Amino acid sequence: MKGDLYVISAPSGTGKTTLLHMLLKEMDKVSFSVSHTTRPSRPGEIDGVDYHFVSKDVFSSMVEEGAFLEWAEVHGHFYGTSREGVLGQLAKGTDVLLDIDVQGARQVKKGFPGAVMIFILPPSFKELEQRLRSRGTEDEDSLKIRIENAKREIMAVTEYDYIVINDVLQKALDDLEAVIKANRHKKDRMLAQPEVSRVLKEAQAR
Ligand code: ADP
Ligand code: 5GP
């Protein structure tokens, strides 16, 4: 059985990374695709865990080799999803979460029309700015760019299948899990489960 691909987008500072870390601890058979980026690492970020931090030259060569499933320039840096990592996990039956921006999301949807698209919204712009400031990772210029881009990103929300609001963290986590669980119970996926085919065979034999 093949896994499903989940595309998760949100304006920077919404709490997407926080939510995805929590989700990965809670749910089985789900993995996170670690992107490549030319952005410098933030204090506490680990190479190979949060991102593969690479130079612009390495990133460009990977683009030329076709190593990325999708890639985009976001907030002045390059980010890309490794094709090999994602396809390998899906083939093993593991669901894969992509934390990518709206430009990347559009590219994935073209190649994988069955991808489940989830957008996470902040409760307000004021709260978004507060979260970005309290994270303390951006200088004033970077903060401005991220808030400016948030407007454009939020306008793309209608291109997604599900919307989760990250106001109270635990509630947002529950909502995100609910989306994934509901998707896992879709008929096509359940029909591939041995328990389901066994009961169907029993029914046919009666
Ligand atoms: P993103 O990955 O979307 O850029 P982060 O996960 O880094 O965002 O979160 C941005 C900041 O907001 C962090 O300091 C995080 O601890 C905080 N945060 C995340 N979710 C919530 C929430 N529901 N309520 C308050 N603060 C939050
Ligand atoms: P950050 O620098 O805050 O970690 O991420 C900035 C933005 O880049 C976020 O919107 C995040 O979803 C996006 N991003 C992270 N990895 C990728 C990727 O591989 N591809 C694309 N298109 N966007 C990504």
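The values are calculated or read from the model by the stated rules, or taken from the named source; none is laboratory data. Being a predicted model, the structure only gives us computed values, none of them experimental. Using ideal geometry, Cβ is built from the backbone for each residue, glycine included, and neighbour counts are taken over all protein chains shown. Side chains are part of the model used for accessible areas, which takes the heavy atoms of the whole protein and leaves out ligands, DNA and RNA. Shrake-Rupley method; radii C 1.70, N 1.55, O 1.52, S 1.80 Å.
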Cα-centre dipole for segment 21-156 with unit charges at Cβ (Lys and Arg positive, Asp and Glu negative), debye to 20: 420 debye
Mean accessible surface per residue for segment 73-206, computed with a 1.4 Å probe while every protein chain stays in place, in Å²: 59 Å²
Residues whose placed amide H lies under 5 Å from that of residue 51, excluding near-sequence neighbours: 46
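Strictly over 26 Å apart at the Cα level, which of 29/186; 2/171; 2/109; 151/181; 151/186 would you flag in this model? Please report the intermediate quantities before stating the final value.
Values: 29/186 16 Å; 2/171 29 Å; 2/109 17 Å; 151/181 30 Å; 151/186 33 Å.
The answer is 2/171; 151/181; 151/186.
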Packing-based order for 182-195, 76-89, using average beta carbon neighbours within 10 Å, highest first: 76-89, 182-195
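Can you give the translational diffusion coefficient of the chain in µm²/s, computed by Stokes-Einstein from the Kirkwood radius over Cα pairs at 4 °C and 1.567 mPa s?
Details: Rh = 18.2 Å.
Translational D for this selection: 71 µm²/s.
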Backbone N within segment 123-137 under 16 Å of label point (7 Å from residue 157 Cα along the Cβ vector): 123-129
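Fully extended, how many nm does the chain gain between residue 184 and residue 46 (0.36 nm per residue separation, minus their Cα-Cα distance)?
On the way: separation 138, 0.36 × 138 = 49.68 nm, distance 3.08 nm.
The span from residue 184 to residue 46 would gain 46.6 nm if fully extended.
Return one quarter of the surface area of the convex hull spanned by the alpha-carbon atoms of segment 69-127, equal to its mean projected area, in nm². Spell out each step's value before the answer.
On the way: hull surface 20.4 nm².
About 5.1 nm², averaged over all directions.
Would you work out the charge dipole size for segment 103-204 about its Cα centre, treating the Cβ of every Lys and Arg as +1 and the Cβ of every Asp and Glu as -1, and quote it to the nearest 20 debye?
Working: 19 positive and 17 negative charges, 93 e Å.
Dipole magnitude for segment 103-204 comes out near 440 debye.
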Portion, in percent, of the accessible area of the chain that falls on carbon or sulfur, probe 1.4 Å: 54 percent
